[in-house]
Structures are given as C-alpha cells and as structure tokens.
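Shown next, in structure tokens, is the structure this report addresses.
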Amino acid sequence: MANRDELSTSAKHKLIQAAAREKNPLESLPFDSYKSNASEAFKLYCRTKGDMDDKTLKWAFKLAEQNVGPFYKQLKMGWKPKIKQSELNKNWARFLVALNEQKQPVAYTMFRFDMDDGDCVLYCYEIQISPEYRRKGLGKFMMQMLESCARHWKLEKIMLTVLNNNENSLKFFKTIGYVTDETSPDVLKQEEYQILSKSTLG
C-alpha cells in the first residue's frame, strides 16, 4: 500500500469525491447525540445545503451575524452580509446542526471536502454556537465529530480560518489541538486572519 505522501493527486481527488458523494458523510459515526456536564441533551444531524430548510438557513446567518459580525466590523475587510449569505447557500455546503431538548437549533458547523495545497482536507468554514449554549463542551464535541468524519474518509487534516481579533476562538481551537497551518499568511504580511489545522492521519 502506498505511503500517504506518495498518493497521487488523482488518488487524493478520489478520496474527496467519495466523501462528497455521501448524502450524510457522518452517518457511519457511532454518535449523533451529546449530553453536557449539566445533563442537557443535544441531538445532531448532518445535511447538504440542498436539504436544509430556509428557516434554519436564515437562523444560521443571523447567528453568524451576531457572533462574528462585530469582529469583522473592527477590521478593514468589514462585515459583508451578502457574502456571508452567499457562502451559506453554496451547493457544496454541508451543515452539522445541534438541536436542544426543545428541538430548536442552537449550534452549527458548515464544512466541505476539498483539496488544499495538495492535501485532501475537511474545511470547516463556520462553527457558531448560541451564546447561552457556550462553555458546555458542545463546540468541542462538534469538532470531534468533524475530525472523526475526516479520519473515516481518510482525509489528511481539518482546516479552518480564524480572525486574529477573535481571541476566544483562537484560544478554543488551540486548546483542542489546532496549530497554525503552513499555508497561513506570514505574520509580516499583517493579514487580519490566520489558518489553523489539525492532522487527522494516524
């Protein structure tokens, strides 16, 4: 069997295509629920953008606007609601959504399977949690689900982008094992964001 470093670009594309063909790429995982330390129960589901209802997509946008809009507004890039709405409505988008005991959405991640700088990756574009449900371990659990998904489909790593002024998010990701990716902008370039990643090999 070929070493991962020796896999051809064609072979890596096939790994991405295999994952992307699945309606629910997390279906094979042995867990779809989470119970917090406070014994709050959450149910999770994964859907393609095409299977998401408009109400939930609108909620997802509003939550992103509430959570990260203020950080974007502090930066030169600014907050661009139309661009964010467009991102959430991409045909390739996958959503992992957490429901509370009242079956209301309280958190989500948006992700896709992709090639990045020659690596086959799961790219997490969003992880947004309603303020009242933070610090309950839910975000960590959802990232663990994505990591398990990436391992199942034999992808090389998970990648994500974090704004430099969002210190809590940077601390969260580094606490759960994410490091600055080799593709992240050089510090001297003074970009307003950085790219983090976590290997899912081995």
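Tabulated data
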{"read-out": "Global form of segment 1-68, assessed from the alpha-carbon gyration tensor, a/c cut-off 1.5", "value": "prolate"}
{"read-out": "Order by protection proxy (mean Cβ within 10 Å, highest first), peptides 29-35, 66-72", "value": "66-72, 29-35"}
{"read-out": "Magnitude of the charge dipole, the chain, Cβ model with Lys/Arg +1 and Asp/Glu -1, debye to 20", "value": "560"}
{"read-out": "Per-residue ³J(HN,Hα) for segment 76-89, Karplus 6.51 cos²θ - 1.76 cosθ + 1.60, θ = phi - 60°, Hz, x for Gly and Pro", "value": "4, 5, x, 8, 10, x, 5, 5, 5, 4, 5, 4, 5, 10"}
{"read-out": "Under 17 Å from the Cα of Lys80 - lysines, other chains or at least 8 residues apart", "value": "Lys58, Lys62, Lys90"}
{"read-out": "Global form of segment 35-94, assessed from the alpha-carbon gyration tensor, a/c cut-off 1.5", "value": "oblate"}
{"read-out": "Cα gyration tensor, segment 88-202 - rounded (a/c under 1.5), prolate or oblate", "value": "oblate"}
{"read-out": "Neighbourhood net charge (15 Å Cβ-Cβ; Lys/Arg +1, Asp/Glu -1) for Glu65", "value": "+4"}
{"read-out": "Eligible aspartates and glutamates near Lys82 by straight Cα distance, threshold 13 Å, same-chain separation 8 or greater", "value": "Glu65"}
{"read-out": "Per-residue [θ]222 nm for the chain (sum of -39500 (n - 2.57) over DSSP H runs n ≥ 4, rounded to 500)", "value": "-10000 deg cm²/dmol"}
{"read-out": "In Hz, Karplus ³J(HN,Hα) per residue of segment 129-146 (6.51, -1.76, 1.60; θ = phi - 60°; x = Gly, Pro)", "value": "10, 4, x, 6, 10, 7, 6, 10, x, 5, x, 4, 4, 5, 5, 5, 5, 5"}
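Throughout, read-outs are computed from the coordinates displayed, never taken from laboratory work. Quick caveat: nothing in here was measured; it's all calculated off a predicted structure. All Cβ positions, even for glycine, are placed from backbone atoms using ideal geometry, and neighbour counts span all protein chains on display.
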